[in-house]
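The values are calculated or read from the model by the stated rules, or taken from the named source; none is laboratory data. All figures in this text were calculated on a predicted structure; none of them were measured in a lab. We place every Cβ from the backbone using ideal geometry, glycine too, and count neighbours over all the protein chains shown.
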Amino acid sequence: MQASDRHTWLTPVLAYLAAALILAFLSHSLPRMLPGDFVTAMYGASDVTLTAEQAADLRALYQDDSGFTAFLGRVFLLDWGYSYAFQAPVAALFFDALPWTLVLMGTAHVLSSILGFVLGVEAAWRRGTRTEKAGVGLMTVLEGIPELCSGVLLLLVFALNLGWFPAAGAQTAYADHTFVQQVADRLHHLALPLTTLVLAYFPGNFLLARAGMVMVMKHPFVLTARAKGLPPVRVRYAH
C-alpha cells in the first residue's frame, strides 16, 4: 500500500476518532461542571426527601464521581447505564433498535443512490428540455425541505388522515403472522420512514449525477461514440 493510499483512509479515520473522543469528553465533563449534581436535579424541586445514604447510593449507581478514563472504559465495555423510562439497560435498547435502523438507512441510501443516478443521467441527457428543467426545479425544492417536515407531512396525510400506513412501530404487535405476512407487515411499517429518507437523500444524488454527466458529455469520447451510431442507452450507461 502506497503512502498516499494510507493517507486517504487514515486521515478520516483519525478525524472520526478525535471527534468521538471530544464528544465523549464533553458528555462526561459538562454535566459535572454544572452546579449541583443529577440527584439534586432530579429530586431537588420535588417533595421526595432523600437521606444522605440514598443520595450516595444513587451516585454510586450512576457512578457520578468516576473519572473520564473510567467513563471511557465503560463506553467501550457497553456499560451505558440503565434506562428507567424503558426499564432496560441502554445497551440492550440500542442493539434491539440497531437492526431496524440499519435496514431503514441502508435501504434508503441504496434506493436514493440508484434513483438519483439514473434520473440524474437521464436529465443530463435531455439537457435544455422542459422535462430536464422541471426535474431540476423539483429536485432543488425537495433539497431545501428538511426531512423532519416531509416526515411529519407524510405522517399526517397517509397515516393519521387517510390511515393507509401505520403511524409508529416496526411491526404489528402480538400479530400471529406467517412468514410472508410478517415480511409484508414490516414493509408496510417501513414505507413512510423509508419514503421520508429517500426524499431527503434523492435530490442531492440527482443533482450530483446530473452535474457529473453534463461534464462527461463534453468529452470527445462521448461525441465519438454517438458519431459511431451506438445506441443512446449504451452511450449513457456503458460507454
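Of all helices (runs of 4 or more DSSP H) completely enclosed by the range 124-239, which ones contain at least 1 residues that are over 31 Å from the mean Cα position of the chain (by Cα), touching a residue at least 12 places away in the same chain (Cβ under 8 Å) and surrounded by fewer than 16 Cβ atoms within 10 Å (Cβ to Cβ)? Break it down into steps so the answer makes sense when it comes.
Details: elements: 130-143, 147-154, 179-216, 220-227, 232-237.
Fully inside the range 124-239 and qualifying: 220-227, 232-237.
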### Query
Restricting to the range 33-54, what's the tally of residues that are surrounded by 10 or more Cβ atoms within 10 Å (Cβ to Cβ) and modelled with pLDDT of 75 or more?
1
